Amino acid sequence: MVRFTVLASGSKGNSTVVSGGRTRILVDAGLSCRELFRRMKLADEDPETLDAIVITHEHQDHVNGLAVTVRRLGIPVYFTEATHRAWMRWLTPRRQMTYKQWLELCRKQAAERQAEPEAAAPEAAADDSEFEDAGPEEAEAQCMTQAAPSPDPAPESSIDPASAGPGSPRTGPGPWGDAPPSLKEDPTWLPAVEYFRAGEPFSIGDIALSPFTIPHDAADPVGFVLSSEGVRMGFATDLGYIPPNVKEQLQALDLLLLESNHDLEMLRDGPYPWSVKQRVLSRVGHLSNDATAEFLSTAYDGQAAYVILAHLSENNNLPELARVAAERALMGRASLLANRLLLAEQHQPLSAIRF
Ligand SMILES: [Zn+2]
Ligand SMILES: [Zn+2]
């Protein structure tokens, strides 16, 4: 059986469970680990049975609980390489420092360690001058080594490599030894990472994924068509407009989840500062109710059993406005059998859709 359960959708967090055959994956992990697990249990899905998490793009509302969740479960994350890098940059603010600032921080940390009685050593001053001559990478390596505390025996957020099943996690030892680093030591550490590319289909167990590029202000954002057991599910949120490649992908589906982010008038008259309004309205922002309706009335083939409106803004939209716009666009094609219209919610999971 194929199940599709939207756990959360909107600017405060996005996550959907898709299960097909013996495989269960999460698309995006924008809620905290605790909240993700709570909602999965509400939706009758067991978090322990997840096989992987797939990420559409690095914005916080799509990755917020990612690191903690995969460390807990010891499962791989599927990213594009650019998204993975952008996510790491987001979590590693020190990389935004100048080299001089970074060196200064390393010195300060070294000085603090030297101040501790057991670390005090006569050659400390010599170490410090060597440090100054080191290149950026070397300095960073030294800083990491020097700063590395002993491995955390049982942090809530770490996984036990010994208890992990075969094939899953690759617990890259790196400078941390055999145990994975804690979140504090290295917030970017993940049990395993797999890269995919837009335009190149791939599979995770019994679920096939076809990623496609979407226009959005992130490093390398994608939407997906997921298929399993002959059921095709289209998934596209966070896009400024619907370009031809996306229109092509979102056809012959059994389920379509599509963004219907804002009502144009509410956004224009709403509380956001001008610059944010511009961002949302731009070609790399979010789809308005009108843009989604336009797709549904002109380019969409009307074949899906379910149409789910997603990523609704809580400030610049009302569920009824999104619904009415989509209903009009479907021109009476919405029924119990075809184009059944659902609205994904921010604060509670939708009931599982089963095929
Ligand atoms: Zn988003
Ligand atoms: Zn986004």
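The values are calculated or read from the model by the stated rules, or taken from the named source; none is laboratory data. No experiment lies behind these values; they were computed from the predicted model shown. Here Cβ is always computed from backbone atoms with ideal geometry, including for glycine, and neighbour counts include all displayed protein chains. Heads up: the accessible areas ignore ligands, DNA and RNA and are worked out on the full protein's heavy atoms, side chains in. Shrake-Rupley method; radii C 1.70, N 1.55, O 1.52, S 1.80 Å.
A few notes on this one:
- The residues of region 213-226 include none that are surrounded by fewer than 21 Cβ atoms within 10 Å (Cβ to Cβ) and either among the basic types (Lys, Arg) or farther than 27 Å from Met88 by Cβ (or both).
- Restricted to helices (runs of 4 or more DSSP H) entirely inside region 13-75, those with at least 1 residues that are touching a Leu at 6+ places or on another chain (Cβ under 6 Å) and of a type in the set (Lys, Arg) are 33-42.
- Test: residue in region 232-243 that is more than 15 Å from ligand 2 (Cβ to nearest atom), part of a strand (DSSP E or B) and touching an Asp or Glu at 6+ places or on another chain (Cβ under 8 Å): yes
- In the set Leu296, Leu287, only one residue is modelled with pLDDT of 95 or more and under 24 Å from the mean Cα position of the chain (by Cα); that residue is Leu287.
- Test for Ser275: is it open to solvent by 60 Å² or more (accessible area, probe 1.4 Å), small (Gly, Ala, Ser) and either in a helix (DSSP H, G or I) or over 25 Å from Val54 (Cβ atoms) (or both): yes
- Restricting the first member to region 217-241 and to residues that are within 22 Å of Ala252 (Cβ to Cβ) and at pLDDT 95 or above, and the second to residues that are among the hydroxyl-bearing types (Ser, Thr, Tyr) and surrounded by fewer than 24 Cβ atoms within 10 Å (Cβ to Cβ), the beta-carbon pairs closer than 6 Å and six or more apart or on different chains are Val225/Ser210.
- Being farther than 27 Å from Thr49 by Cα and hydroxyl-bearing (Ser, Thr, Tyr) is a property that does not hold for Thr237.
- Filter result for Val68 (more than 16 Å from ligand 1 (Cβ to nearest atom), at pLDDT 95 or above, at negative phi and not polar (S, T, N, Q)): yes
- Long-range neighbours under 9 Å by Cβ, at least six apart or interchain, first residue more than 17 Å from Ala192 (Cα to Cα) and open to solvent by 10 Å² or more (accessible area, probe 1.4 Å) within region 49-73, second part of a loop (DSSP other than H, G, I, E, B) and more than 16 Å from ligand 2 (Cβ to nearest atom): Asn64/Ser32
- Summed over region 40-65, residues that are away from ligand 2 (no atom under 14 Å from the Cβ) and over 24 Å from Val225 (Cβ atoms) total 7.
- Taken as a whole, the structure leaves Gln303 outside the set of residues that are assigned to a loop (DSSP other than H, G, I, E, B) and open to solvent by less than 30 Å² (accessible area, probe 1.4 Å).
- Region 1-12, residues that are more than 16 Å from ligand 1 (Cβ to nearest atom) and part of a strand (DSSP E or B): Arg3, Phe4, Thr5
- So Asp254, is it more than 18 Å from Asp301 (Cα to Cα), charged (D, E, K, R) and crowded, with 16+ Cβ neighbours inside 10 Å: no
- Scanning region 335-345 for residues that are assigned to a loop (DSSP other than H, G, I, E, B) and surrounded by fewer than 17 Cβ atoms within 10 Å (Cβ to Cβ) yields a total of 5.
- From the list Ser11, Ser32, Ser15, Ser19, the lone residue that is over 14 Å from the mean Cα position of the chain (by Cα) and polar (S, T, N, Q) is Ser19.
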